[in-house]
1. Residue check: is Ala113 of a type in the set (Gly, Ala, Ser), surrounded by fewer than 21 Cβ atoms within 10 Å (Cβ to Cβ) and more than 16 Å from Asp70 (Cα to Cα)?
2. Could you count how many residues in region 10-33 are free of Cβ contacts under 8 Å to residues at least 60 places away in the same chain, surrounded by 13 or more Cβ atoms within 10 Å (Cβ to Cβ), within 21 Å of the chain's Cα centre (by Cα) and closer than 22 Å to Gly120 by Cβ?
3. For region 51-75, what are the residues that are part of a loop (DSSP other than H, G, I, E, B) and either modelled with pLDDT of 95 or more or over 22 Å from Met180 (Cβ atoms) (or both)?
4. Exactly one of these conditions fails for Lys140: (1) surrounded by 12 or more Cβ atoms within 10 Å (Cβ to Cβ); (2) at pLDDT below 95; (3) not β-branched (Val, Ile, Thr). Give me its number.
5. Output the number of the condition that Gln39 fails; it satisfies all remaining conditions of (1) exposed (fewer than 15 other Cβ atoms within 10 Å of the Cβ); (2) in a loop (DSSP other than H, G, I, E, B); (3) of a type outside the set (Phe, Trp, Tyr).
6. Restricting to region 115-146, count the residues that are assigned to a helix (DSSP H, G or I), over 20 Å from Cys183 (Cβ atoms) and of a type outside the set (Ser, Thr, Tyr).
7. State which residue pairs qualify: first residue in contact (Cβ under 8 Å) with a residue 12 or more places away in the chain and closer than 21 Å to Arg73 by Cα and inside region 123-151, second residue assigned to a helix (DSSP H, G or I) and of a type in the set (S, T, N, Q) in any location, beta carbons under 9 Å apart, and separation of 6 or more residues or different chains.
8. So in region 43-72, with the set limited to residues that are in contact with an Asp or Glu (Cβ under 8 Å, 6 or more places away or on another chain) and more than 21 Å from Thr144 (Cβ to Cβ), which one is surrounded by the fewest Cβ atoms within 10 Å (Cβ to Cβ)?
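The values are calculated or read from the model by the stated rules, or taken from the named source; none is laboratory data. Just so it is clear, the structure is predicted and the values come from calculations on it, not from any experiment. With ideal geometry, Cβ positions are generated from the backbone for all residues, glycine too; neighbour counts draw on all protein chains shown.
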Amino acid sequence: MSTSVSPIPANARLIRLTSEHIIKPFNCGDSDLNTFLYQEAKDYLKCLMYVTYILETPDKTIAFYCVSNDLLRLSMASHREFKSKLRKNASANVRYTLFEWNEFPAVKIGRFAVDEDYQGQKIGTSLLDAIIYSFTTNNKTGCTFITVNAINNKRTTKFYIKNGFTFLTQSDTNKESRQMYKCLL
């Protein structure tokens, strides 16, 4: 029997950012993400745009992510894939109704970053697992998909693909970010 060891330090805690919280040192190597955490996250919170969660130790911010509500419009190809998953998870009555829909409730990951000292240690995957768990076991609003506008570089898109995300469209291949999604069924 193998036991899985969490990559998250034992003294770390995941907290929901409040306007009073003092953000501990953090540098993910991306100035836009660093700036968001230090200068914008609390403003987004006040405007009810994002809720930010911070993984921190007593001395350092290890990672953070933001979530907000979203709506996912499925293409015909994506809708076929979704129908296949829906057949396995829903009763005939629900399937019949949902087969007619092309828009579904989703949660958007707005920002997601891990401090450089912790990158490559599977902390990002552990946090994605926690997000998925929270929306599949304690889903307060109804959420069928997780969406993200992933920074369009090989490392970031590979991370999301490895964690079960799919590109929503090919029309953003040469843009700064790629729309991606993961079905929670």
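1. It is false that Ala113 is of a type in the set (Gly, Ala, Ser), surrounded by fewer than 21 Cβ atoms within 10 Å (Cβ to Cβ) and more than 16 Å from Asp70 (Cα to Cα).
2. Total satisfying the criteria: 1.
3. Thr57, Pro58, Asp59, Lys60
4. Evaluating Lys140 over (1) surrounded by 12 or more Cβ atoms within 10 Å (Cβ to Cβ); (2) at pLDDT below 95; (3) not β-branched (Val, Ile, Thr) leaves (1) as the failure.
5. In the conditions (1) exposed (fewer than 15 other Cβ atoms within 10 Å of the Cβ); (2) in a loop (DSSP other than H, G, I, E, B); (3) of a type outside the set (Phe, Trp, Tyr), Gln39 misses (2) alone.
6. Of the residues in that region, 3 qualify.
7. Correct list of pairs: Cys143/Thr136; Ala150/Thr156; Ala150/Thr157; Ile151/Thr157.
8. So the first thing to find is which residues in region 43-72 are in contact with an Asp or Glu (Cβ under 8 Å, 6 or more places away or on another chain), and the list is 60-63, 71-72.
Cutting the leftovers down to more than 21 Å from Thr144 (Cβ to Cβ) gives us 60-63.
Working: Lys60: 16, Thr61: 22, Ile62: 24, Ala63: 23.
Applying the filter and picking the extreme gives Lys60.
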